[in-house]
Structure formats: C-alpha cells, structure tokens
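S.K.: One structure, as structure tokens, below. Some questions next.
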Amino acid sequence: MKLFLAKEEGKKSEAKETRMDFEKSSVSIKDDTEMADDDTAQNPESSRKLSSDSDSSDSEDEAEQTQQLRALESDLSTNPSNYDAHVLYIKLLRRRGEIEKLREARENMNVLFPLTPAMWVEWAKDEASLLNDSDSESVEKLYERGISEYLSIPLWREYLNYVLQHDPKVCDSSVDGVSKARNLFERAVTAAALHVAQGSQIWDAYTQFEQSILLTIDQSDIQAKEKQVQRIRSIFHRQLSIPFANMKSTLLSYKAWEVEQGNSLDSESDNVVGISSHVASSYRKAEEMYNARAHLEEHITRQGISESERYQHFMSYLDFEKSFGDPARVQSLYERAITDFPVSSDLWLDYTRYLDKTLKAGKVVKDVYSRATRKCPWVGELWVRYLLCLEHGLASEKEISAAFEKSVQCTFSTLEEYLDLFLTRVDGLRRRLSSARGDDVLNYSLIRESFQQATDYLSPHLKNTDGLLRLHAYWACLELKLNNNLTAARGVWGSLLKTCGSMLEAWQGYIAMEIALGHINEARAIYKRCYSKRFSGTGSEDICHAWLRFEREFGTLDDLDHAVQKVMPRLEELQLFRLEQESKSLTEVTDKRERPLKKTASEKRKSGSIAIDEQSPAKRQKSTQNQKKLHEKENTRGLKLAEANGGEEKKGKVEEQVNEQLVKDTYSSKTRLYTDQCTAFASNLNIRAIDEDLKQFFSDVGGVTAIRILHDKFTGKSRGLAYVDFKDEEHLAAALAKNKQMLLGKKLSITRSNPKRGKRESGALTTSEHDSNQSGIEGSSASKESVETSKGSSVAPQVPHSRKHFESIQLKGKNTFAVPRNVKPLGWTTSKPGTKKEEDEKPKSNDEFRKMFMKS
C-alpha cells in the first residue's frame, strides 16, 4: 500500500511542482506587473491607454459569451435534441465557472444522450475540485454512472485513482478501506480483464495495490505476510492466463517479483523456464490466443480508417469470437464496440439478440437493454424486447409499467412499431393475469386501459388497415375469455365498424365471433347491415355469397329465400356496375392511344395547309389543275377497270367494292387499337397486388408491354381486375397457359381480352350488324347505279330492303362513328316526278360535280 501510495505521492509531488511552477510563473508575472507599474508611474498616460484597452477587450469577450449563452439556451429550449448545442453550452459554462448551471446542463444532456468517458472524467474532476475528501461519495457516484454506460479503461483508472487518493479509509489502510479497494479492483478486472489492448493496465494497478499492502504488514506476522504473497501470486497467475497485448512484460514483472521473494528465476528471460507447469501451460495457451487475434486487434485499433471500416472490422472480430463459443469474451468485445459506436441501433440489436440467445435473462441482460433503450430510444424493437426481458426476469408491474410509459413517449419510424409495443404490453398483462404469479395485484382494467390507449393513438393513423383490425379482434377476444363480457366485446367490434365500416374483414370478424358463440340471429342481423355496402375489390360480391352460404348452413328455408331475394338484385347491380367500369376503362385506354394518332394527322394537315398558303398564286393554280387531272385520271382508270371486267354491270361492282372498303376502313380505324393489341384479362386478383407482382408472375412468359390494374372510383382500391398487354400472340398464348395458377394466395383467372364483346355491351355494333351496315351501303350504291342508268326516268326507285334493316338498328353509347347520318344516298328521292326538286336531286356525274364545286 505504501509503495502504491508512494507512487501516488510522486504524482502529487509532480502536481505540487507543477503548482509551484505555476506560482513561480505567477511571481514572474507579478514581477513583470510591478515593472510595468514602475513604467506606469513614469508614463501614466500610456498605462491608462493599455488598461482601458484590456478592460474593453475583456468586456467585449464577456458580452459575446453572454450573448452566445443566451442563443444556446434559446436553441436548447426549442430543440433539446441538438447534441452539438449541449456540448458547446457545457464548454461555455465551464469556461465562465457557473457551477450550478454547469451541473444542471450536464444532467439535462445525460437525460437525452450518453456522455462520453472523457465528459464523465471531466465532470467528476470538476466536482472533486469543489469538495473535500470527506465528501467523496458524490464524486464516486458520478464515476459509477460513467462506468455503467461504457467499458472504458481510462475511466476505470481515474475511478480507482480517485478512491485510492481521496477515500480516507483507503488512505489509512484500514480493514474496511482495503476491503473496499479490493472489491473495486475485482469489479474492474471483471469488466475490463478481457480487453486485449488495454486490460493489462487494470491488472498492473491491482498487483501494485496488493504489493503496497504487503509492505504495510509487520515482518513478525509471518502468516499474514505469506497470505498476502499468495494473493499477489494468484493475481499474477490470473493475469498470465489471459491474452493481452504486452504479455511478455507481465511475465518479466512476475519473474522479477518472484526473485524478490527469494525464488531462483531468470528474471531477464521472457521464457517460462522455472515457473510452475500449470502457469506455463496457461501462459502458452493465452499467447496462442493473442497471436490468433493480433491482426483483428490491429484492424479495430488502427488510426486513420473510416467509421464504417472500423465497424466492419468489429463485426468480423465478433464473428471470430462467436466461433469459439466463449460468451464472456464475446460480451467484452461487444462492450468495446459499443464504446466506439454508442448510438448504432444495428449493433445494439445484434448485442441484445446474442444475450437473449445465450443468457436468456438476468441482471446483465436487463442492464444492457436499459442502456440500449437510452442510447437508441427510437428503435421500437429494442423496447419490445426490453419488456420481454423484464417479464423473463420476473420484474414487478411497477418496473414494467415504468419502462412501457417511457417507450410510448419515444418517436418511432413506423406505426407498426407502436402497434407491436402495445400488443407486447397486453401480452404480458394477459400472461401474468392468467398465472397470477408474484405479489402484483393485477386486474383486467389494466388490459382495457392499454387497449384504449392504443386505440386512441393508432385509430386516426391506421384506419382500414389489418393492424387496427388485429388490435380490436384481440381486444374483443380478451373481453370474452378473460372478462366474460359479451356486451363489451360487441362494443369493441362496434367501435371498429364506426371507423372501418368499409373494411370487409372487420364485418367478417364480427360475424365470426357471433357464429362461434352460436348467436345465429345476431350474425344474420350483421349480414343484413353490411350486404348492401360497397367494399373494395370483389368484397361486395363476397359478402353476398357469404350470406347465402350462411343461410344454407344455419338458416331455415324461409331465411334462405329471404336472403336470395335481397342478395340477387344486389349481385346483378354489382355485375352491371363492373361491366360499365370495364367498358369505361377500355374507352379511356382507347382515347389515350388514339390521341397521339389524331395529333399526328392534324399536324400533317396543318403542315400541308401551311405549305399551300406559302405557295404563289400561279403555283396554287397549277396545283389545282394537277389535282383535277389526278381525279380525272382516277375516274378513267376506274372506268377502264369496269370495261375490262365486262361492261357496265362490272363497273358498278367496282364502285361497290370501293364503298365497302371505305366502310371497313372506318370501322377498323376505331377497333384496330383493340384487335391489334394482344391483351390478357386477369380476374380474381388479390386486391393487394401491384404492377410489380403481375410483372413477376408473367416473368417466365415475357413480352409484357403494359399492365393496367382497375381501381374503384370511390375508394381508390383495387377491384381485383387487370389488363396485361403482350407484344405478340406467342407471348399471349403462353400467358393464357398460366390460368388458375396462384398469385398472392388466390387463383388468378386469365382469359383473352375481347374488345368487340365489351363494345357490344356498351352499345357498339357487332360484326353481324356491321355486315348489314355494309349491305345497306351497297344497296345505296346500287340505287345510284339505277338512277344513273335511267337518266331521269319517271319511275321512282324502290327502297332497298337492306336500308330498311339498317334503319331498324338502334345504337347506344358514346362511340357513334358507325351511325348512319341523316343523308339520303344518291338516287333516292321522295319528291314527285317532274318537279324542280327532283331535277335538283338527280345524281350528278363526277365532271358535273367538279364544275359545281369550281363555280362555288
């Protein structure tokens, strides 16, 4: 003890010398000041000037610091989570010597953030400078708070030195003082003994302390002296069996100490010759362990590397230690990593998972979880597992409740974390209420309060979600099983339906509870309330079919008939609505695809008209003449074609073919975007499916060019229907082969999309009607042919039968491109023969028509 204290006295003497040097420097400064005073006496004006300059600079600095402190206080009051502001505020207060504010600032920061080991040492030294040695307990408490947060060898050394220097009992080497110091050293080596890089420092201090105790023992007390020698030798042996960075120096120190005790050893050799066999064996094993870890230690202690690299080196080192299966070494390395990365949530999660797997429960695990939730309070998983750890450790309801209240005040990244936290709390209450263990007096009101708290917080944010449904279903279940209160359970479902009435699963859960209890009439009443509601996807149809199935299984024949009368009109209404929505979506898709084509055509026409306008009058006249010649040439070509095919009758057929082609082009221009597109129609799609799910489903087929999932216009949710476009028929055929395969838990129905059928349902022409339309036009062409042949005959032509059929067609919908206009075909008249109107309505030849056009 005296030897150790002698060394400490040496440190004190050094401090004393430093203080004396400071005093000497103060004296020299004082002498300089006196010399300056003499100069001042000789030159008072210059002294006043210097004095005023120093005073003004000091006042300016103080004013600037005061302004900066006020700004930091304002910043911390509005944003207490500003770590840098806390650090700067503490530095300024320490510089100004405002002790009370400094102490309060440190406490406030420690509530929100972990202080670094250096900050704990600085705080303890500041408090120690203000207290006497008799009041050392408050400083020791600060050191205890520091070492409970980190594994820091420098912090432990400062703590040990403070106790050895300032604790009166330890300084007097009393029995209580020595016992206190030994207990503290044992705690230190337990915490830091496995620190490969710095752990030997604690062991060296421990042996030095025990050697100082040996010097205080009376030489005549041989038994006490021998006992102390054995204690020191035991500490050396323990240290030599642990892998450290400087094992050889420890071996040399041990051999030198054994020589002092009268044993013959080669104290200058670093081999194990001469020491006991078991110590030598332990030393060799420890040396091998260190050699296996030396490169890993070099990686994590290397300077100049990034934080991410150091973190990865720690992870590799941890994997290495885990492979040997020594929990103490793994835990020590985790503590070293936590010291370097105190707010790494991934590291804390990995650390706590390892402890849960190896130690399950206990004070160590609880302490680690307590620190983890303080360092990373924003991680909901840590709080959930902390509650489970407290339950494993048989903690009291007061302790668990306090931890839960702290957790709900934290800010998590997702609402699911809050939900998991509330459910974990309820789970624990349910288990302890069922087992009725311990002295805690629990009642069901705690569970109801937890559910109510969760509902009040989560309902506005989790509306129409599975999470909120899960919470209420669990609540209703416990109301029945633990509280035996059916009215309360129904009230839980009723409160859920008020906020999630458009959620099919909520109604199904309520109905399932009533059926499980045998309350058939109550279940039927719920079906009557919800069958007419609108649900997302195919939910409206599902609830109708569910009611019919319910009546078949539980109801009477009258009940089934009543359900059919209610459900069937609803199903027909829903089917019609689905068809209208599909037709509307197809129309929208077609309009979107036609818009670029129309735009291109209009641009071409516009560019053509601009080109004509830019031409000179002579060129425009020449262009008009060229167009006339082109038309005449076309007419001549058509007549020649008619003559080559056998006369006047064949010529009429040529014009008939031209008209027929015009009708076909008109019809196909509207439908080509449907017929040319290879599209598959998918139904019975899971309402949670998105485009990526369908793309992944058809990934083995390939060739997907577009995916369109249909959504409800009221709720915006998926209707379970989709169109998938493929680039060719081959890929479409491969996609159709995947019919009835599973996607997200449902059998997907895949068929070829038939746009003509869809247009027929929305009021467009079918193929047969289109053919009759063509025949009507052909009849008109034939009537024109007869009029031209008769050249004004008094016999009125007969109305073609095809025209009567054409007029009997009634078209509906927006697409009326095929509707016949109110224009009579050439050769048709209702005037009496010989009238002027009849003469005006005589069919004109092409030349006559062009002359009329030129005159106008």
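S.K.: Six or more apart or on different chains, Cβ atoms under 6 Å: show the pairs whose first residue is in region 351-364 and assigned to a loop (DSSP other than H, G, I, E, B) and whose second is among the small types (Gly, Ala, Ser).
M.R.: ALA361/GLY393
S.K.: Also: In region 715-745, which residues are open to solvent by less than 60 Å² (accessible area, probe 1.4 Å) and assigned to a strand (DSSP E or B)?
M.R.: Across region 715-745, the qualifying residues are SER718, ARG719, GLY720, LEU721, ALA722, TYR723, VAL724, ASP725, PHE726, LEU743.
S.K.: Another question about this same structure. Test TYR290 against the criterion of being surrounded by 12 or more Cβ atoms within 10 Å (Cβ to Cβ), at pLDDT below 90 and more than 36 Å from the chain's Cα centre (by Cα), and give yes or no. Break it down stepwise before answering.
M.R.: Numbers: surrounded by 12 or more Cβ atoms within 10 Å (Cβ to Cβ): yes; at pLDDT below 90: no; more than 36 Å from the chain's Cα centre (by Cα): yes.
Spelling it out, it is not the case that TYR290 is surrounded by 12 or more Cβ atoms within 10 Å (Cβ to Cβ), at pLDDT below 90 and more than 36 Å from the chain's Cα centre (by Cα).
S.K.: For region 195-208, does any single residue satisfy the condition of being aliphatic (A, V, I, L, M) and outside any helix (DSSP H, G or I)? Outline the logic, then answer.
M.R.: Step one: filter region 195-208 for residues aliphatic (A, V, I, L, M), giving 196-197, 202, 205.
Restricting the remaining residues to those that are outside any helix (DSSP H, G or I) gives 196-197.
For region 195-208, residues aliphatic (A, V, I, L, M) and outside any helix (DSSP H, G or I): present.
S.K.: Pairs only if they're at least six apart or on different chains, beta carbon under 6 angstrom, first in region 506-535 and of a type in the set (A, V, I, L, M), second assigned to a helix (DSSP H, G or I) and open to solvent by 70 Å² or more (accessible area, probe 1.4 Å); list them, first residue then second.
M.R.: ILE520/PHE554
S.K.: Here's another thing I want to ask about it. Given the conditions (1) charged (D, E, K, R); (2) open to solvent by less than 70 Å² (accessible area, probe 1.4 Å); (3) within 30 Å of TYR531 (Cα to Cα), report the number of the one that LYS481 does not fulfil.
M.R.: (2)
S.K.: Something else: Could you list, ordered by first residue, the pairs with Cβ atoms under 6 Å in which the first is in region 159-185 and without any contact (Cβ under 8 Å) to a residue 60 or more places away in the chain and the second is among the basic types (Lys, Arg), at least 6 apart or interchain?
M.R.: Here the result reads ASP176/LYS169; GLY177/LYS169, each pair linking region 159-185 to a residue that is among the basic types (Lys, Arg).
S.K.: Right, another one. Within region 675-697, which residues are open to solvent by less than 40 Å² (accessible area, probe 1.4 Å) and either under 26 Å from the mean Cα position of the chain (by Cα) or farther than 23 Å from THR590 by Cβ (or both)? Explain how you work it out, then say what you get.
M.R.: Our first condition is that a residue be open to solvent by less than 40 Å² (accessible area, probe 1.4 Å); within region 675-697, this holds for 678-683, 685-686, 689, 694, 697.
Correct list: LEU685, ASN686, ALA689, LEU694, PHE697.
S.K.: Has region 249-264 got at least one residue that is assigned to a loop (DSSP other than H, G, I, E, B) and touching a residue at least 12 places away in the same chain (Cβ under 8 Å)? I'd like the intermediate steps shown before the answer.
M.R.: Going residue by residue through region 249-264, those that are assigned to a loop (DSSP other than H, G, I, E, B) are 261-264.
Checking the rest, the ones that are also touching a residue at least 12 places away in the same chain (Cβ under 8 Å) come to 261.
Yes, there is a match, as at least one residue in region 249-264 is assigned to a loop (DSSP other than H, G, I, E, B) and touching a residue at least 12 places away in the same chain (Cβ under 8 Å).
S.K.: Quick one: in region 374-388, which of the residues that are open to solvent by less than 40 Å² (accessible area, probe 1.4 Å) and not in a loop (DSSP other than H, G, I, E, B) is modelled with the lowest pLDDT?
M.R.: Of everything passing the filter in region 374-388, LYS375 is modelled with the lowest pLDDT.
S.K.: Then there is this: (1) open to solvent by 70 Å² or more (accessible area, probe 1.4 Å); (2) closer than 30 Å to ASP326 by Cβ: which one isn't true of LEU184, the others all being true?
M.R.: Here LEU184 clears every test but (1).
S.K.: Quick one: what pairs do we get from region 735-752, first residue at positive phi, second open to solvent by 50 Å² or more (accessible area, probe 1.4 Å), C-beta under 9 Å, 6+ apart or different chains?
M.R.: Hits for this filter: LYS740/LYS747; LEU744/ARG688.
S.K.: Any residue at all in region 512-527 that is within 24 Å of ASN686 (Cβ to Cβ) and of a type in the set (Val, Ile, Thr)?
M.R.: no
S.K.: When region 231-248 is examined, which residues are found to be touching a His at 6+ places or on another chain (Cβ under 9 Å) and assigned to a helix (DSSP H, G or I)?
M.R.: Within region 231-248, just HIS237 meets the criteria.
S.K.: Considering only residues that are within 22 Å of LEU76 (Cα to Cα), at pLDDT below 90 and open to solvent by 30 Å² or more (accessible area, probe 1.4 Å), which ones fall in region 109-142?
M.R.: VAL111, LEU112, PHE113, THR116
Results for (1) touching a Phe, Trp or Tyr at 6+ places or on another chain (Cβ under 6 Å); (2) under 30 Å from ILE217 (Cα atoms); (3) hydrophobic (A, V, I, L, M, F, W, C), shown as yes or no for each residue.
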{"residue": "SER138", "(1), (2), (3)": "no, no, no"}
{"residue": "TYR143", "(1), (2), (3)": "yes, no, no"}
{"residue": "GLU149", "(1), (2), (3)": "no, no, no"}
{"residue": "PRO154", "(1), (2), (3)": "no, no, no"}
{"residue": "ASN161", "(1), (2), (3)": "no, yes, no"}
{"residue": "SER174", "(1), (2), (3)": "no, yes, no"}
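S.K.: Take the residues in region 406-465 that are of a type in the set (Gly, Ala, Ser) and farther than 25 Å from ASN483 by Cα; name whichever of them is surrounded by the most Cβ atoms within 10 Å (Cβ to Cβ).
M.R.: Taking region 406-465 as the starting set, the residues that turn out to be of a type in the set (Gly, Ala, Ser) are 407, 413, 428, 434-436, 438, 445, 450, 454, 459.
Applying the additional criterion that residues be farther than 25 Å from ASN483 by Cα yields 407, 413.
Numbers: SER407: 23, SER413: 9.
Among those that are of a type in the set (Gly, Ala, Ser) and farther than 25 Å from ASN483 by Cα, it is SER407.
The values are calculated or read from the model by the stated rules, or taken from the named source; none is laboratory data. None of these values were measured; they are calculated from a predicted model. Heads up, the Cβs are rebuilt from the backbone with ideal geometry, glycines too, and the neighbour counts pull from every protein chain shown. For accessibility, only protein heavy atoms count, side chains too; no ligands or nucleic acids. Shrake-Rupley method; radii C 1.70, N 1.55, O 1.52, S 1.80 Å.
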